[in-house]
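Q: Quick one: the structure is below, questions incoming.
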Amino acid sequence: MARLGPAFASCRSVPQAPAEPPRRDRAAAGEAWVAHMRRGEFEQAWTISDALLRDRAWLKRRDVLRCEQSVWDGTPIDGRRVLVRCYRGLGDALQFIRYAPLIRARAARLIVWAQPALLPVLAGVDGIDELQPVHDGDIDVDYDVDAEVMELPYVFRTSLETIPADVPYLHVDRAALPASDRAKVGLVWRAGDWTPHRSIPFALLAPLLRFPIAWYVLQSEPGLSERPDGFGIVAGSDDILELAQVIGSLDLVITIDSMTAHLAGALGTPAWTMLPARADWRWLEGRNDTPWYPSMRLFRQEQRGEWEGVVERVAEELSRVTREKG
């Protein structure tokens with residue numbers, strides 16, 4: 001998942017400055033923005049975004065990476081054709097596509113430009129009129145207003161109380177899994193190499209493996225090779241629709257901060273997400289739940305790099321789940 005930067009656009013008309021603001025000022029503003037978001041102080045974060053918007057003309061330069069560009073220019077969406085672009089991580093798109101029905105309630109048409117791997121899953125999202133694969137060429141659809149998917153919380157001036165949290169908002173057919181009198185639990189332990197602090201060495205998960213559970217390994221390579229021979233049913237897939245169908249049939253998903261966590265949350269499948277001590281802003285601070293996903297619980301490190309305590313708390317809860325199952 002990529003970081004949601006503070007360079008959001010405002011629904012108000014804000015004049016653009018011709019020059020790039022000093023890098024140190026942008027960095028300080030970004031740090032303050034993230035601090036507010038972690039504390040759930042969204043309104044204060046949007047105020048910072050308003051100020052940055054006035055200085056963001058430089059973000060339109062061609063030498064700035066597309067995924068770093070701010071897109072929405074503040075044009076109202078009411079009655080217009082809206083294009084939502086998904087430039088960042090797959091998990092980011094899955095989390096914030098929840099705004100599609102809100103956009104469609106106000107707009108004349110909603111087109112979503114998304115990563116090709118997500119198109120089959122997003123096809124069932126309410127409010128989307130047209131799906132197209134994102135690419136590096138020119139946009140070949142007619143639209144009046146465009147926004148990056150991670151700008152949508154700001155487009156709607158979201159607060160903790162107004163997060164659209166009706167789940168599921170992804171709708172897929174369920175996979176036909178083998179019958180079992182045991183709880184069916186999915187497991188993910190390794191994130192991408194660009195965020196190694198989110199990953200848990202498989203050996204540390206040993207306290208979980210002693211329970212009578214039908215394990216489904218949702219991990220993809222290269223982490224899949226860490227799995228002991230014969231452990232679980234390998235159900236992870238590079239086909240996100242197939243993965244979603246399996247997740248929709250599980251009793252529980254236990255995962256690190258990953259795309260799979262967002263997929264489970266968006267499907268409404270109960271999920272336990274294990275987080276590093278300094279987690280991404282979207283998980284807030286000091287909470288074992290998340291307003292983004294009502295079916296999800298959070299298990300946080302108490303000290304940086306210390307996963308043993310997290311696994312121990314998950315094992316305690318897993319013991320309760322297995323007792324209730326039978």
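The values are calculated or read from the model by the stated rules, or taken from the named source; none is laboratory data. No experiment lies behind these values; they were computed from the predicted model shown. No Cβ is skipped: glycine too gets one built from the backbone with ideal geometry, and neighbour counts run over all protein chains shown.
Q: Please specify each residue of segment 209-239 satisfying the condition of being part of a helix (DSSP H, G or I) and either among the acidic types (Asp, Glu) or in contact with a Leu (Cβ under 6 Å, 6 or more places away or on another chain) (or both).
A: If the condition is that a residue be part of a helix (DSSP H, G or I) and either among the acidic types (Asp, Glu) or in contact with a Leu (Cβ under 6 Å, 6 or more places away or on another chain) (or both), then 226 is the only one that fits.
Q: Out of segment 105-122, which residues are farther than 17 Å from residue 153 by Cβ and among the charged types (D, E, K, R)?
A: Hit for segment 105-122 is 109, nothing else.
Q: I've got another one for you. Considering each of 215, 194, 189 in turn, give the residue that is touching a Phe, Trp or Tyr at 6+ places or on another chain (Cβ under 6 Å), over 30 Å from residue 104 (Cβ atoms) and either surrounded by 14 or more Cβ atoms within 10 Å (Cβ to Cβ) or not acidic (Asp, Glu) (or both).
A: Going through 215, 194, 189 in turn, just one is touching a Phe, Trp or Tyr at 6+ places or on another chain (Cβ under 6 Å), over 30 Å from residue 104 (Cβ atoms) and either surrounded by 14 or more Cβ atoms within 10 Å (Cβ to Cβ) or not acidic (Asp, Glu) (or both): 189.
Q: Okay, next question. Anything in segment 134-172 that is part of a helix (DSSP H, G or I) and hydroxyl-bearing (Ser, Thr, Tyr)? List them, or say none. Working first, answer last.
A: Initial filter on segment 134-172 (part of a helix (DSSP H, G or I)): 149-155, 160-162.
Passing the criteria: 154, 162.
Q: Among the residues of segment 73-112, write down those that are buried (at least 21 other Cβ atoms within 10 Å of the Cβ) and of a type in the set (Asp, Glu).
A: Residue satisfying the conditions is 92 alone.
Q: In addition: Can residue 198 be described as within 28 Å of residue 116 (Cα to Cα) and among the basic types (Lys, Arg)?
A: Here the answer is yes, as residue 198 does meet what is asked.
Q: Check residue 320 against each of (1) part of a helix (DSSP H, G or I); (2) of a type outside the set (S, T, N, Q); (3) modelled with pLDDT of 95 or more and name the one condition it does not meet.
A: Unmet condition: (3).
Q: Quick one: is residue 65 surrounded by fewer than 17 Cβ atoms within 10 Å (Cβ to Cβ), under 25 Å from the mean Cα position of the chain (by Cα) and either modelled with pLDDT under 95 or closer than 26 Å to residue 114 by Cβ (or both)?
A: It is true that residue 65 is surrounded by fewer than 17 Cβ atoms within 10 Å (Cβ to Cβ), under 25 Å from the mean Cα position of the chain (by Cα) and either modelled with pLDDT under 95 or closer than 26 Å to residue 114 by Cβ (or both).
Q: If you don't mind, another one. Does residue 276 meet the test of being within 20 Å of residue 166 (Cα to Cα), touching a residue at least 12 places away in the same chain (Cβ under 8 Å) and not hydrophobic (A, V, I, L, M, F, W, C)?
A: The answer is no for residue 276.
Q: Quick check: anything in segment 79-87 of a type in the set (A, V, I, L, M), within 19 Å of the chain's Cα centre (by Cα) and either outside the structural domain of residue 267 (by TED's automatic domain parsing) or modelled with pLDDT under 95 (or both)?
A: Pass one, segment 79-87, residues of a type in the set (A, V, I, L, M): 82-84.
With the extra rule that they be within 19 Å of the chain's Cα centre (by Cα), the set shrinks to 84.
Those still in the list that are either outside the structural domain of residue 267 (by TED's automatic domain parsing) or modelled with pLDDT under 95 (or both) too: 84.
Within segment 79-87, one or more residues are of a type in the set (A, V, I, L, M), within 19 Å of the chain's Cα centre (by Cα) and either outside the structural domain of residue 267 (by TED's automatic domain parsing) or modelled with pLDDT under 95 (or both).
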